[in-house]
Amino acid sequence: MLKETLRSCFNMSKKVIVIAGTTGVGKSQLSIQLAKQFNGEIINSDSMQVYKDVPIMTNKHPLQEREGIPHHVMNHVGWSEEYYSHRFETECMKAIEDIHQKGKIPIVVGGTHYYLQTLFNKKVDTKSSDRILTAKQLEILQSTDPDVVYNTLLECDPDIASKYHPNDYRRVQRMLEIYYKTGKKPSETFNEQKITLKFDTLFLWLYSKPEPLFQRLDDRVDDMLERGALQEIEQLYEYYNRNKFSPEQCENGVWQVIGFKEFLPWLSRKPDDSTVQLEDCIERMKTRTRQYAKRQVKWIKKMLIPDIKGDIYLLDATDLSQWDVTASQRAIAISNNFINNVPIEQERAPEDLRDLLSEGETTMKKLADWTHFTCNVCRNQDGKNVVAIGQKYWNIHLSSRRHKSNLKRSARQADFEKWKIHKRDNVE
């Protein structure tokens, strides 16, 4: 016990900087600036950037823009492999140890915020379990149908299931695995844990307001295509065909990269098929990128910030013409105090963004509304009914242009069905 306490204190004396934020907000640029300023090296925490090649599609920071700063846990996994969080934990911890041994600062940066759980003493050991799973349990765990896995978790542990979207397949699967292998509800296990950090960690959240960010994301998709993204998509498709993969496999591995699944109907179309347009695929890619950015913000607010009890500093990247002042210089000033063990006097967020770090967002107890609402008139890209979590987001959906448009369409369809029944009755 004493040995563990001493090891924990030793690790806490070692510094780690984390840069969180949505896709396309400038995390890579900021990481280079901090690495140059504080003798740091960068650890990638993006689940797509671990895969080899396709640098444009996976948004790897161009080599010529890295200014000689070493990058770890990047561009090393084959397309036939699936990269799991436990492998990231092993590789990330090794990279942190190596960087510390050089007397440098590890800077963890990437959009897969779930990977940041690696930095917490928040883990459930299932490998040492001697429980033997039944054939039925294995069948459910290995099911490729997210609804099967989610509904099973909902029966076993409704409290933990309510905190995840039904399509959040991997995390839902992991929670169910914990339940099967430990025999205890994950919600109870996590509630009993005292969450601590493995290292003395500074969390920076690089944030942009939605409207300008979404325009930048749309422009970035156009830029990616101009720089050769379509050729990379075709390269992936050639491998996909050669190995006789199926669309169902696009839920795993490198095939989850935004752009491939969206272009698959166009790539696999018949020569005389004019119903699938390239422009539609591009628009779907833009839409999915924007949706991904929204999910990343939700994860930071609902999962990361409560875990660190609001101990995070928000940097404003909304106006890129003000980058040096609102993002770069502010990050350097905060990091400088952190590294030198000087009290950080900077505000946690600019005044107009403080609501993002409000008590209601940073305390898990305040986030009690995990109610799932299912819309019967709107469907997502997979053809399933849209699900909103929490009254706030349900109200946003109800007032959305998409929902109102679908309501009108549904009403017109209902009127048409009534007319057909009325006409049939008159004929009879």
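Values quoted throughout were computed directly from the atomic coordinates according to the rules given, and no laboratory measurement underlies them. Keep in mind it's a predicted model, so treat the numbers as computed, not measured. Neighbour counts are summed over all protein chains in view; Cβ atoms, including those assigned to glycine, are modelled from backbone coordinates with ideal geometry.
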Multiply the residue gap between Glu82 and Asp355 by 0.36 nm, knock off their C-alpha separation, and tell me the result in nm, one decimal place.
94.5 nm
Which chymotrypsin sites (Phe, Trp or Tyr not before Pro) in the stretch 38-106 pass both tests, a DSSP loop state and at most 16 other beta-carbon atoms within 10 Å?
Tyr84
Derived scalar couplings ³J(HN,Hα) [the stretch 295-300; Karplus, 6.51 cos²θ - 1.76 cosθ + 1.60; whole Hz; x for Gly, Pro]:
5, 5, 5, 4, 5, 4
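FRET efficiency for Glu347 and Arg242, Cβ-Cβ distance as r, R0 = 45 Å, nearest 0.05? Intermediate values should be presented prior to the final figure.
Values: r = 54 Å, r/R0 = 1.21.
With a Förster radius of 45 Å, E is 0.25.
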Would you grab the residues whose amide H sits under 5 Å from the one on Ile105? Only those 5+ places off in sequence or on another chain, please, with H modelled 1.01 Å from N.
Gly40, Glu41
Trypsin sites (Lys or Arg not before Pro) within the stretch 28-112: DSSP coil, no more than 12 neighbouring Cβ in 10 Å:
Lys102
Quick query: amide H of Ile195 versus all other amide H atoms, modeled in the peptide plane; which residues come in under 5 Å with a sequence gap of 5 or more or a different chain?
none
Most fluctuating of Ser128, Ser47, Ser80 in the GNM of the chain (C-alpha, under 10 Å) is Ser128
So for the pair Lys52, Glu211, with labels modelled 7 Å out along Cα→Cβ, what separation do we get in nm?
4.6
For the residue pair Lys194 and Arg424, what label-to-label distance in nm results when each label sits 7 Å from Cα along the Cα-to-beta-carbon direction?
6.8
Starting from the stretch 237-303, pick out the chymotrypsin sites (Phe, Trp or Tyr not before Pro) whose DSSP state is loop and whose Cβ has at most 10 other Cβ atoms within 10 Å.
none
Charge tally in the Cβ shell below 10 Å around Arg330, where Lys, Arg are +1 and Asp, Glu are -1, Arg330 excluded:
-3
Under a cut-off of 18 Å between alpha-carbon atoms, report the aspartates and glutamates in cross-link reach of Lys194, not counting same-chain residues fewer than 8 places apart.
Glu4, Asp125, Asp307, Asp311
Against the longest principal axis of the chain, how steep is helix 169-182, in degrees 0 to 90 to the nearest 10, with axes from Cα atoms?
70
Given H placed on each backbone N at 1.01 Å, which residues far from Asp46 in sequence or on other chains put an amide H within less than 5 Å of it?
Gly111, Thr112
